[in-house]
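Beneath this line is the structure, given in C-alpha cells, with notes to follow.
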Amino acid sequence: MKKKLNFIASNLSGKGGTETVLIKVLNQLVTERSIQLTLIDDPKDKNWLSKLDKNITVKICKRKNPIMKLLFVTREFIFNKNCDHISLSPKVLKVGSKLRKIMNLNYKLISWIHFSLKDQDMFDPRNLLYADFHLAISSVIEKQLIGMGIKKENIKLILNPVEVCETLPKNQDGRADFFYAGRVMYSGQKNLKELFLGISKVTNLDLHLNIYGTGNDLDKCKKYSEQLGIADKITWHGWTENLWEEIKERPTALIMTSKYEGLPMIMLESIARGIPVVSTKFAGYEDILKDGENSYTYSQGDINGLIRAMTDVANTSLSPECIKKSIENYYPEKYFKKLKESLEYFENNNL
C-alpha cells in the first residue's frame, strides 16, 4: 500500500505561485504515494485544480463559517489518522497538534510555508512550533525557523521547483522592455510606487513597462503613473491566465520592487527562460539572484540604485544560457531528489 500524504492549505486564490508549486509537487509525488489535497477555503478560481493528476483526492470546505471550517479540518485529521499532514497553513498545525494529543493519534505534522515569517500580518509564526518537521523554501525561512528555537535537523531546505524552459528569442524593438507580473499593490508588499518613481527619473533609456496582474490598488497605481508623467510608458495587461503564452519575446528584464518575498515563482520562471531580473535586496534574494550573472539588485528605497540597476541590465548583454544555469538546483531533477530524501527522513525519524 502506498504511503499517504495529506496537504492542507487555506486562502488560495487559484492564481498564485503557491498553486503553481502545488501542481508540480503533488503531480510528482502521486506517482509514489497516495496524495490528498485539503483546501480549507473554496478558491475563487478553480481552473488550477484541473491540472492536478486525476489520482489526487481533492477535498474542499464550502462553508464560510469558522466553526464549520474547524469541524471540517478536525474530521480530516481524524479520518486521515494514519497519514502524515503537510500544512501550508500555520493555524492548522495547532489544531492538528492538540487533536493528536487529545485523541492519541499517530500522524506527523510538517510545515511548508510559502511566505516570510516576518514582515507580514497573514499568520502567527508561533503556530509553527506545533509542527514536528519543516520544509523550507528559502534560506531566510530556514533561518527564521531556527531563530524561533526549532532544531536545524528538523528543517529541510528544499527551495521550489521550476521547469527547464526554452530560451525566448530576444526582443528586437530596440528599447528597454521591462515587465512586472503579480498583484498590483501601491505601497504594500509589492511596492509599485517605488517602481513608478524610479521609472519617472530615468533619463538615459528609452524604456517601456508591461504590467501583468490586477488588484485593489489598480486605479491608484494608474493615477500615480499619470501624476508622474509616465502613463505612456506603461501597458496594463490585467490578469493573464497563461503569462508565458503572451510573452513571446525575451524582455530586457523582470522588475520587482518588493519589500519582502518568500520565494517568488515569477522570478524563477523568468530566469529559467534566460530573462535577467532587477530586484530589491529583499531578505533571501541571494537564494536566487547573483549580481552581474542573472540580475542587478538594489537596496529598497534607493531610487538611484534602482535607476542604476535598470540602466546596467539594459546596457549589459548577460548570457541567457548562463542566466538559466544559475538556478540549476531549482530544476526538477535536483529538486525532487531533495524533496524525496526530506520526506523519507521525516518518515523515518521521531522527535
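Where a number appears in this text, it was derived from the coordinates with a stated rule and is not lab data. All of these numbers come straight from a predicted model, not from anything done at the bench. Here the Cβ is made from the backbone with ideal geometry for all residues, glycine too, and neighbour counts use every protein chain on show.
Annotations
- Here the simple spin-label model places points 7 Å from the Cα toward Cβ, and for ASP53 and SER13 these points are separated by 2.9 nm.
- Tensor-based shape of the chain (alpha-carbon gyration tensor, a/c under 1.5 rounded, otherwise prolate or oblate): prolate
- FRET efficiency, LYS223 to GLU246 (Cβ-Cβ, R0 30 Å, nearest 0.05): 0.75
- Among LEU306, ILE275, MET265 - extreme Cα towards positive end, dipole of the stretch 176-328, charges at beta-carbon: LEU306
- Computed over the chain: relative contact order in percent, which uses C-alpha pairs under 8 Å that are six or more apart: 14
- The residue list ILE288, PHE72, VAL21 was ranked by how far each Cα lies along the charge dipole of the chain toward its positive end, using unit charges on Cβ atoms, and PHE72 comes out on top.
- Size of charge dipole - the chain - debye, nearest 20, with Cβ of Lys, Arg +1 and Asp, Glu -1, no other charges: 1640
- Projecting the Cα atoms of PRO320, ASN11, MET185 onto the charge dipole of the chain (Cβ charges, centred on the Cα centre) puts ASN11 farthest toward the positive pole.
- With a Förster radius of 22 Å applied to the C-beta separation of ASN210 and ASN315, the computed FRET efficiency comes to 0.65.
- The lysines whose alpha-carbon is closer than 18 Å to the alpha-carbon of LYS54, local same-chain residues fewer than 8 away aside, are LYS2, LYS3, LYS4, LYS24, LYS46.
- As a ratio to 2.2 N^0.38 Å, the alpha-carbon radius of gyration computed for the stretch 102-201 takes the value 1.56.
- Mean-position separation - Cα centroids, the stretch 202-247 and the stretch 69-141, in angstrom: 38
- Debye log10 I(q)/I(0) for the stretch 87-145, one point scatterer per Cα, at q = 0.17, 0.22, 0.30 Å⁻¹: -0.52, -0.81, -1.31
- Kyte-Doolittle at least 0.0, axis length at least 15 Å by Cα - qualifying DSSP helices, the chain: 17-29, 66-79, 303-315
- Counting DSSP beta bridges with both ends in the chain, the antiparallel % (nearest 5): 0
- Take the Cα of ASP232, step 7 Å toward its Cβ, do the same at MET103, and the gap between the two points is 6.6 nm.
- Rg/Rh for the stretch 176-328 (Cα atoms only, Rh after Kirkwood) is 0.92.
- For peptides 99-106, 318-325, sequence by mean Cβ density within 10 Å, most packed first: 318-325, 99-106
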